[in-house]
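The values are calculated or read from the model by the stated rules, or taken from the named source; none is laboratory data. What you are looking at is a predicted structure, and each value in this text was computed from that prediction instead of being measured. Quick reminder, even Gly has a Cβ in these numbers, built from the backbone with ideal geometry, and neighbours come from all protein chains shown. The protein model used for the area step is the full one, side chains on, heavy atoms only, and it has no ligands, DNA or RNA in it. Shrake-Rupley method; radii C 1.70, N 1.55, O 1.52, S 1.80 Å.
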Amino acid sequence: MRFLLDGSLGRLGRSLRMFGIDAEMDTQDLHYLIGRAQREGRILLTRRAVRPERIPATLKVIRIKEDHPERQVVSVLKWLGSPIPKAEWFSRCLLCNRLLEEVPSASVEGIVPDHVLLVHSHFRLCGGCGRVYWPGTHRANMEKRMERWAFEAWGDLGGEKGG
Ligand SMILES: [Zn+2]
C-alpha cells in the first residue's frame, strides 16, 4: 500500500513512515497530486474535499477529516485493516521515505557519536539523505506511542499474528 499526502499532512506522513508505510509527501496543487498519485499507483490522502468528477476511475482518494495528528494516524491505520508486523516498523527514512539498509557499525564510524558506537551494534542507513538510525531512547518513546495507536486501530500491537 503506497500513499501520497498533500502538504497539510506532514506530521501524518512522518508517522506513517515510522510504521514502514510508503508515504510520499508533496506540496503542489491538487491537480498535480492527482496526476502523480495515478502515475505512481498511490492512494491520495488529502484534507481537501475533492469533487468526484475530478477523480480518475483508477485513483483512490481518502479524505482525512480528523484535525488532530494522532487521530489522523489511527484513522489511516484502521483503514489499512490489518496490523503491520513490528519487524517492518522503523524500516523507512522519516525524512525522505526511502527504505533503510542495515549496516555494520564499522561503516558508520565518524558519522554517529562515539558513545553511540560503544553501546549499539545495529544501525540503519538511508541511501537517500545519509541519515543513520539506531534504537535509542527517542525511538523507545516513539515505539510506545506507536503501540498505543496500533492497539487503538487494530486491537493488537502490530506483530505476532498468533495461531
Ligand atoms: Zn533519508
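Under 5 Å from the amide H of Gly20 lie the amide H atoms of Phe90, Ser91, Arg92, each residue being 5 or more positions distant or on a separate chain, with H modelled from the backbone and absent for Pro and chain starts.
What GluC sites (Glu not before Pro) does the range 41-71 have in DSSP loop regions with at most 16 other beta carbons within 10 Å? Don't skip to the end; give the middle numbers.
Details: sites: Glu53, Glu66, Glu70; in loops: Glu66.
Sites meeting the loop and neighbour criteria: Glu66.
Near the amide H of Arg131, within less than 5 Å, lie the amide hydrogens of Cys126, all on another chain or at least 5 residues away, with H placed in the peptide plane. Positive-end ranking of Ile62, Ile21, Pro104 along the dipole of the chain, with charges on Cβ about the Cα centre, is headed by Ile62. Along the axis of the charge dipole computed for the range 64-142 (Cβ charges of +1 for Lys and Arg, -1 for Asp and Glu, origin at the Cα centre), the listed residues Leu118, Cys129, Ile84 are led at the positive end by Ile84.
Placing Arg2, Arg124 in order of accessible area, with the largest value first and a 1.4 Å probe, yields Arg2, Arg124. Size descriptors for the chain: radius of gyration and Dmax over Cα atoms are 17.4, 58 Å.
Computed from backbone phi with θ = phi - 60° and the Karplus coefficients 6.51, -1.76 and 1.60, the 3J(HN,Hα) list for the range 27-38 is 9, 6, 6, 4, 4, 5, 4, 4, x, 5, 4, 5 Hz; x is used for glycine and proline.
What does the helix-only formula give at 222 nm for the chain: each DSSP H stretch with n ≥ 4 adding -39500 (n - 2.57), the total divided by the residues, and the result rounded to the nearest 500 deg cm²/dmol? Walk me through the numbers on the way to the answer.
Numbers: 5 runs with 56 residues, N = 163.
That calculation yields -10500 deg cm²/dmol at 222 nm.
Against the longest alpha carbon principal axis of the chain, how many degrees, from 0 to 90 and to the nearest 10, is the axis of helix 137-154 turned? The answer is roughly 40 degrees. Rolling a 1.4 angstrom probe over the chain with all protein chains present gives an accessible area of which 52% lies on carbon and sulfur atoms.
Using θ = phi - 60° in the Karplus curve 6.51 cos²θ - 1.76 cosθ + 1.60, the 3J(HN,Hα) couplings for the range 125-135 round to 10, 8, x, x, 9, x, 6, 10, 10, 8, x Hz; x is entered for Gly and Pro.
In order along the range 105-121, the phi-based Karplus estimate (6.51 cos²θ - 1.76 cosθ + 1.60, θ = phi - 60°) of 3J(HN,Hα) comes to 4, 4, 7, 10, 4, x, 9, 9, x, 4, 5, 6, 4, 5, 9, 10, 10 Hz; Gly and Pro are listed as x.
Under 5 Å between amide hydrogens, built in the peptide plane, is the criterion, and for Phe123 it picks out Val103 among residues at least 5 positions away or on other chains. Helix 69-80 axis versus longest C-alpha principal axis of the chain: approximately 80°, rounded to the nearest ten. Taken about its Cα centre, the chain carries a charge dipole of roughly 580 debye when the Cβ of each Lys and Arg holds +1 and the Cβ of each Asp and Glu holds -1.
Rolling a 1.4 Å sphere over the protein heavy atoms, what is the accessible area per residue of the range 1-151, to the nearest Å²?
Numbers: 8370 Å² over 151 residues.
Ligands and nucleic acids excluded, the figure is 55 Å² per residue.
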